[in-house]
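A.B. asks: One structure follows; several queries about it will come next.
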Amino acid sequence: MKEAVLIAGVGKRFGEVQVLQEVTLSVGEGELFGFIGADGAGKTTLFRILATLLLPDEGRSEVLGLDVVRSYRDIRKRIGYMPGKFSLYPDLSVEENLRFFASVFGTTVEKNYELIRDIYSQLEPFKTRRAGKLSGGMKQKLALSCALVHRPEVLFLDEPTTGVDAVSRKEFWQMLGRLREQGMTILVSTPYMDEAVLCDRIAFMQEGRMLALDTPTGITTLFRKPLFAIRARETWRLLCALRASSHAASVYAFGSALHYTDNRPAVRADELLVALQADGFTEVSVSVIQPGIEDTFIALMEEKQGSDHV
Amino acid sequence: MSEPVIHTDKLTKRFGDFVAVDALSLTISSGEIFGFLGANGAGKTTAIRMLTGLLAPTSGKATVAGFDLYTGAEGVKRNIGYMSQRFSLYDDLTVRENIRFFAGIYGLTDQAIKEKSRQLLETLKLVAVADTRLASLPLGWKQKLAFSVAILHEPKIVFLDEPTGGVDPVTRRRFWDMIYEASGRGLTIFVTTHYMDEAEYCNRLCIMVDGKVAVLDRPEAMKRHFGVESMNEVFIQLARPHRTE
Ligand SMILES: Nc1ncnc2c1ncn2[C@@H]1O[C@H](COP(=O)(O)OP(=O)(O)OP(=O)(O)O)[C@@H](O)[C@H]1O
Ligand SMILES: [Mg+2]
């Protein structure tokens, strides 16, 4: 496969803080590539370097075979970038914003309407409204439409679905899937692990370094302990009780269940069940489950940063 | 049963011809964790802005913390806390300056501010970084501080508008720990979120569709009613009935 994005030994420092360190990876043409990691992990900085908005201190990066430092003009015409922070014109209407972005790239909304229809059609009833008056999620949808309207070859999306509702997120990812089928290369960062699963490959970043790079399934193999899902009638009380137990290695809420690991290597689900019942919990169920990306993410983060826990 | 701390009767907000919040009627009890869900543009933030006295309703009635929204604005302000999307602190100010600034907004006296700052820095274990600019602190610390500052004046209710939007899986769980602790102390929590696993952590949920209440119930009851396993599925069935496609 041809490479659409190449990053080799990239580093960036802001004052005393090393925000990126020795990052090396490549993204194939037509790949849907995800970045996950906590705040300050360096994802936004990396995106800004690739979008030619920020110069790296070290290393080399190429987009579509062009060097980000020397050929930034050519790159800019061929990529779309949606920054994490709202970047539209609040005083222009929804429609004016979109037309503006199309015209900057010498195209029209009509020419590429098919591409943005799924997302933009939800905003069309409000197209005369000023962008500043849109709800948070509506602004995100407009920003995405603007990043797409010139049919870029590579799309950089920095947390595009933050503030976007669950139904629209689903549609949004269906749309990304279709764009990929048409051959677009997409790099996307997200705090939603149910989105990370939908990527071809994921990079896990922490404190400026890339700690893991793999397929979604590959990433979850980094989670090595047996994992239990535990439910009972009073979830919050259960969470506190398990946390207080000396056997608990980790306890996290996952919707209506808790995900639990024990520091006794061979403990069984039925033993845990009996112990919880003895503690007065009712409607208890305990089952062994396969770890997901969210479990793995949490485990990787805890491993690294146990120290700054407040 | 505990007292209602929020009661609204046909609370409505129009922007020109557009009805953003349409006859919202709610009763929320003291100490409840009330989840306010809905698709983008459903009217959540607009409703919160009305309930916090930031935006005048077009029509309808409401009492918040026992005060009438129209005639008791001062009382409302004193008894509510508010934290919006991704915290509302100043990155350029130090921890101590942020506390002082927000305590001032909430009308605490100089003496009270001093005392509260000291207490807060101690309980949050932030004494060592009190004079550090917020920008250089980890997200989890900022989040804890933002929440604590929003409830510094000991309000009865705190409104949290997408407090965990864009927040990583570990940090947003820590935030829910804080919510549970505060609710255990009797604080009423009014929270919006687009994370459907967080919806499961609420005592009751309201799903808004086009400015109206579509369902209002406990999460277990909602899931049972729709015959599904998760709130995500409930939301997907309900949140946008008027498909544009
Ligand atoms: N000042 C205003 N003028 C015109 N329309 C407005 C104004 N403020 C809000 N609206 C509209 O009211 C509707 C509800 O907006 P609101 O911000 O309450 O939605 P929300 O439920 O908070 O959505 P989100 O999940 O995206 O945050 C939207 O269509 C929005 O564009
Ligand atoms: Mg909102």
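The values are calculated or read from the model by the stated rules, or taken from the named source; none is laboratory data. Not measured: the values here are computed from a predicted model. Methodologically, a virtual Cβ is constructed for each residue, glycine included, from the backbone with ideal geometry; neighbour enumeration extends over all protein chains shown. Just the protein is used for accessible areas: all its heavy atoms, side chains included, with ligands, DNA and RNA removed. Shrake-Rupley method; radii C 1.70, N 1.55, O 1.52, S 1.80 Å.
A.B. asks: When only Cα pairs under 8 Å and 6 or more residues apart are kept, what is the percent relative contact order across region A:78-224?
C.D. replies: Details: 204 pairs, mean separation 36.8, N = 147.
About 25 percent, as a whole number.
A.B. asks: Continuing with this model, one more query. Which of the residues in region B:181-196 lose at least 30 Å² of accessible area when you go from the chain alone to all protein chains together (probe 1.4 Å)?
C.D. replies: Buried on complex formation: B:H194, B:Y195.
A.B. asks: Could you work out the mean projected area of the convex hull around the alpha carbons of region B:68-199, in square nanometres to one decimal? Write down the numbers at each step before the final one.
C.D. replies: Values: hull surface 33.6 nm².
For region B:68-199, averaging the hull's shadow over all directions gives 8.4 nm².
A.B. asks: Let me ask something else about it. To the nearest 20 Debye, how big is the dipole of region B:110-227 about its Cα centre, given +1 on the beta carbon of each Lys and Arg and -1 on that of each Asp and Glu? Don't skip to the end; give the middle numbers.
C.D. replies: Values: 17 positive and 16 negative charges, 33 e Å.
So the dipole magnitude of region B:110-227 works out to roughly 160 debye.
A.B. asks: Which one, A:G136, A:G11, A:G292, has the greatest fluctuation when you compute a Gaussian network model over chain A with C-alpha springs under 10 angstrom?
C.D. replies: Comparing A:G136, A:G11, A:G292 in the GNM, the peak value goes to A:G136.
A.B. asks: Just tell me the longest site-free run in chain A, where the sites are trypsin sites (Lys or Arg not before Pro) in a DSSP loop having at most 16 other beta-carbon atoms within 10 Å.
C.D. replies: Details: sites that count: A:K2, A:R70, A:K85, A:K111, A:K127, A:R224, A:R233, A:R268.
Longest site-free region, per DSSP loop and neighbour criteria: A:128-223.
A.B. asks: Give the Debye-formula value of log10 I(q)/I(0) at each listed q (0.17, 0.18, 0.21 Å⁻¹), with one equal scatterer per alpha carbon of region A:260-299, two decimals each.
C.D. replies: Result of the Debye calculation: -0.56, -0.61, -0.77.
A.B. asks: Here is a follow-up. Using only Cα atoms, what is the ratio of the radius of gyration of the protein assembly as shown to 2.2 N^0.38 Å? Write down the numbers at each step before the final one.
C.D. replies: Numbers: Rg = 24.0 Å, N = 555, 2.2 N^0.38 = 24.3 Å.
Cα Rg divided by the expected 2.2 N^0.38 Å: 0.99.
A.B. asks: For region A:10-102, which GluC sites (Glu not before Pro) are in a loop by DSSP, counting at most 11 other Cβ atoms within 10 Å? Please list the in-between numbers first.
C.D. replies: Numbers: sites: A:E16, A:E22, A:E29, A:E31, A:E58, A:E62, A:E95, A:E96; in loops: A:E16, A:E29, A:E31.
Filter output for region A:10-102: A:E16.
A.B. asks: Which residue fluctuates the most in chain B, going by a Gaussian network model with Cα springs under 10 Å, if the choices are B:L11, B:L89, B:L121?
C.D. replies: Result for chain B, Cα springs under 10 Å: B:L121 fluctuates most.
A.B. asks: Let's test the formula: R0 of 30 Å, r as the Cβ-Cβ distance of A:E110 and A:E181. What FRET efficiency results, to the nearest 0.05? Intermediate values should be presented prior to the final figure.
C.D. replies: Values: r = 23 Å, r/R0 = 0.75.
Once the sixth-power term is evaluated, E becomes 0.85.
A.B. asks: Right, next: Roughly how many nanometres apart are two label points built 7 Å out from the Cα toward the Cβ at A:R13 and A:R231?
C.D. replies: The modelled label-to-label distance comes out at 5.3 nm.
A.B. asks: Could you pull out which residues in region B:150-167 have an amide N less than 14 Å from a spot 7 Å beyond the Cα of B:F101, following the Cα-Cβ vector?
C.D. replies: Inside the label zone: B:150.
A.B. asks: Using a 7 Å offset from the Cα along the Cα-to-Cβ direction at both A:R117 and B:D17, what is the distance between the two label points in nm, to one decimal?
C.D. replies: The modelled label-to-label distance comes out at 2.6 nm.
A.B. asks: Another question about this same structure. Past 31 Å, Cα to Cα, is the threshold; run A:K304/B:K156; B:K10/B:K116; A:K141/B:K223 against it and keep the listed order.
C.D. replies: Numbers: A:K304/B:K156 38 Å; B:K10/B:K116 38 Å; A:K141/B:K223 29 Å.
Too far apart for the 31 Å limit: A:K304/B:K156; B:K10/B:K116.
A.B. asks: So if I average 1/r over every pair of distinct C-alpha atoms in chain A and take the inverse, what Kirkwood radius in Å does that give? Display every interim value, and only then the final one.
C.D. replies: Numbers: mean 1/r = 0.0466 Å⁻¹.
When all Cα pairs of chain A are included, the Kirkwood radius is 21.4 Å.
A.B. asks: Between region B:9-53 and region B:161-234, what is the C-alpha centre distance in whole Å?
C.D. replies: Each part reduced to its Cα centre gives a spacing of 15 Å.
A.B. asks: Only Lys, Arg, Asp and Glu count, each charged at its Cβ (+1, +1, -1, -1), so figure out the dipole size of region B:1-132 about its Cα centre, rounded to 20 debye. Please list the in-between numbers first.
C.D. replies: Details: 15 positive and 14 negative charges, 14 e Å.
It works out to roughly 60 debye.
A.B. asks: Write out the trypsin sites (Lys or Arg not before Pro) in region B:116-222 meeting two conditions: DSSP loop, and at most 14 other Cβ atoms within 10 Å of their Cβ. Walk me through the numbers before you get to the answer.
C.D. replies: Working: sites: B:K116, B:R118, B:K125, B:R133, B:K142, B:K144, B:K156, B:R172, B:R173, B:R174, B:R185, B:R204, B:K212; in loops: B:K125, B:K156, B:R185.
The qualifying sites are B:K125, B:R185.
A.B. asks: Solvent-accessible area per residue for region B:1-149 at a 1.4 Å probe radius, Å²? The partial results should precede the final answer.
C.D. replies: Values: 7120 Å² over 149 residues.
Each residue of region B:1-149 exposes 48 Å² on average to a 1.4 Å probe.
A.B. asks: What whole-number distance in Å separates the alpha-carbon centres of region B:58-92 and region A:11-75?
C.D. replies: Rounded to whole Å, the Cα centres lie 42 Å apart.
A.B. asks: Using +1 at the C-beta of Lys and Arg and -1 at the C-beta of Asp and Glu, which of B:I6, B:P57, A:L242 has the Cα lying farthest in the positive direction of the dipole of the protein assembly as shown?
C.D. replies: So the residue furthest toward the plus end is B:P57.
A.B. asks: Within region A:1-139, what is the number of lysine pairs with alpha carbons under 24 Å apart, leaving out pairs fewer than eight places apart on the same chain?
C.D. replies: Taking region A:1-139 as the scope, the lysine pair count is 16.
A.B. asks: Give me the dipole magnitude in Debye, nearest 20, for region A:1-155 about the Cα centre, with unit charges on the beta carbon: positive for Lys and Arg, negative for Asp and Glu. List each step's numbers first, then the result.
C.D. replies: Numbers: 22 positive and 19 negative charges, 110 e Å.
Using only the charged Cβ atoms, the result is roughly 520 debye.
A.B. asks: Rounded to the nearest 100 Å², what is the sum over both chains of accessible area buried where A meets B, with a probe of 1.4 Å? The partial results should precede the final answer.
C.D. replies: Values: alone 15590 and 12330 Å², together 24560 Å².
When A and B are taken together, about 3400 Å² of accessible area is lost.
A.B. asks: Stick to Cα atoms and the Kirkwood definition of Rh, then tell me Rg/Rh for region A:169-310.
C.D. replies: Details: Rg = 17.8 Å, Rh = 17.1 Å.
Rounded to two decimals, Rg over Rh is 1.04.
A.B. asks: Where in region A:164-245 are there GluC sites (Glu not before Pro) that are in a DSSP coil and have at most 15 other Cβ atoms within 10 angstrom of their Cβ?
C.D. replies: When the GluC sites (Glu not before Pro) of region A:164-245 are filtered for loop state and at most 15 Cβ neighbours within 10 Å, A:E234 remain.
A.B. asks: Towards the positive end of the charge dipole of region A:79-149, with charges on Cβ (+1 Lys, Arg; -1 Asp, Glu), say which of A:I116, A:Q140, A:Y81 has the farthest Cα.
C.D. replies: Of the options given, the answer is A:Q140.
A.B. asks: With just the Cα atoms of region B:1-124, tell me how far they stretch along each of the three principal axes, in Å, largest first.
C.D. replies: For region B:1-124, the Cα extents along the three principal axes come out at 46, 34, 26 Å.
A.B. asks: Using the Cα centre of the protein assembly as shown as origin and beta-carbon charges of +1 (Lys, Arg) and -1 (Asp, Glu), tell me which of A:A299, B:F18, B:S117 is placed farthest towards the positive end of the dipole.
C.D. replies: So the residue we want is B:F18.
A.B. asks: Let me ask something else. Please list, in chain and number order, the residues 5+ apart from B:G66 or on another chain whose amide H is under 5 Å from its amide H, with Hs placed from the backbone.
C.D. replies: Here nothing satisfies the definition.
A.B. asks: Name the residue, out of A:A269, A:A143, A:A278, whose mean-square fluctuation peaks in a Gaussian network model built on chain A with Cα pairs under 10 Å.
C.D. replies: Largest GNM mean-square fluctuation: A:A278.
A.B. asks: If you don't mind, there's one more thing I want to ask. So what are the ³J(HN,Hα) numbers for region B:182-196, from phi and the Karplus equation (6.51, -1.76, 1.60; θ = phi - 60°), rounded to whole Hz, Gly and Pro as x?
C.D. replies: Taking θ as phi minus 60°, the curve returns 5, 5, x, 7, x, 6, 8, 10, 10, 10, 10, 7, 9, 8, 6 Hz for region B:182-196.
A.B. asks: Please compute the contact order of region A:61-128 in relative form: average sequence separation of alpha-carbon pairs under 8 Å and at least six residues apart, divided by the residue count, as a percent. Please list the in-between numbers first.
C.D. replies: Numbers: 25 pairs, mean separation 16.9, N = 68.
In percent, rounded to a whole number, it is 25.
A.B. asks: Please give the Cα centre distance for region A:277-307 versus region A:116-183, rounded to the nearest Å.
C.D. replies: 34 Å
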